[in-house]
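The values are calculated or read from the model by the stated rules, or taken from the named source; none is laboratory data. Just so we're clear, the structure is a prediction, and the values are computed from it rather than from any experiment. Here Cβ is always computed from backbone atoms with ideal geometry, including for glycine, and neighbour counts include all displayed protein chains. Heads up: the accessible areas ignore ligands, DNA and RNA and are worked out on the full protein's heavy atoms, side chains in. Shrake-Rupley method; radii C 1.70, N 1.55, O 1.52, S 1.80 Å.
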Amino acid sequence: AAQGRPTEASRVWQLALADARATGDPTRFALAVLGRNWMRRSVDGSAELCALLGEALDDLGPRRSAVRVAVQGALMLEAVLIGRPGVLLANDLEGLEADAAAIGDPESLATALNARHVLLRGTAELTARRQWASRLSQTVSAIADPWWRARAVVARIFDAYVAADFD
């Protein structure tokens, strides 16, 4: 409804965020934070969104859940965009992957695989990136949401660009 009206969309999101925070329900708050649609609206990375994602992650606590995996994955990708040190992210990634594996749903697994691939983009490890991209493609084949299929394609295109392999 607010397509093409970013100010209105931002205002509505802020209201939803405030309402969710007021309920005291950490899952509702986390979903409201994720509802910002961070992948499309945060091209440069946002310290504000990182702070909100961090707050949501803290509120959710250590219990494994698909929502927690989604928030942690979003936080890691935002942190990459704003230049958070890769060593810290690698430590976070181990926990994300363990949680995703324990949960076992395809979207949680795709979140962890995508995060690993993105973190490897800052390295010369093209072979490893291609392996993670391949695993991501296999995993997203079980997900109906076309956004995930697009993420898998982006991973492969990124690797092809880096390798100058355009066949």
>> Quick check on the stretch 98-115: of everything there that is in contact with a Leu (Cβ under 8 Å, 6 or more places away or on another chain) and of a type in the set (Gly, Ala, Ser), which residue is most open to solvent (accessible area, probe 1.4 Å)?
In response: Ala101
> Is the stretch 21-30 home to any residue that is modelled with pLDDT under 90 and either over 25 Å from Ile103 (Cα atoms) or not in a helix (DSSP H, G or I) (or both)?
Replying inline: no
> Mind checking which residues of the stretch 61-79 are closer than 12 Å to Val33 by Cα and hydrophobic (A, V, I, L, M, F, W, C)?
Replying inline: Val67, Ala70, Val71, Ala74, Leu75
> Which of the residues that make up the stretch 148-167 are farther than 17 Å from Ala100 by Cβ and not β-branched (Val, Ile, Thr)?
Replying inline: Arg149, Ala150, Arg156, Phe158, Asp159, Ala160, Tyr161, Ala163, Ala164, Asp165, Phe166, Asp167
> Would it be correct to say that Val162 is open to solvent by 30 Å² or more (accessible area, probe 1.4 Å) and under 17 Å from the mean Cα position of the chain (by Cα)?
Replying inline: no
>> Exactly one of these conditions fails for Arg135: (1) within 30 Å of Ala22 (Cα to Cα); (2) of a type outside the set (Phe, Trp, Tyr); (3) in contact (Cβ under 8 Å) with a residue 12 or more places away in the chain. Give me its number.
In response: (1)
>> Can you tell me how many residues within the stretch 57-69 are open to solvent by less than 50 Å² (accessible area, probe 1.4 Å) and within 8 Å of Ala30 (Cβ to Cβ)?
In response: 4
> Which condition number in (1) in a helix (DSSP H, G or I); (2) within 21 Å of Leu75 (Cβ to Cβ); (3) at pLDDT below 85 is the one that Tyr161 fails?
Replying inline: (2)
> Quick check: anything in the stretch 105-127 among the charged types (D, E, K, R), at pLDDT 85 or above, outside any helix (DSSP H, G or I) and more than 13 Å from the chain's Cα centre (by Cα)?
Replying inline: yes
> Which residues, taken from the stretch 128-146, are surrounded by fewer than 15 Cβ atoms within 10 Å (Cβ to Cβ) and more than 12 Å from Arg116 (Cα to Cα)?
Replying inline: Gln138, Ser141, Ala142, Ala144, Asp145, Pro146
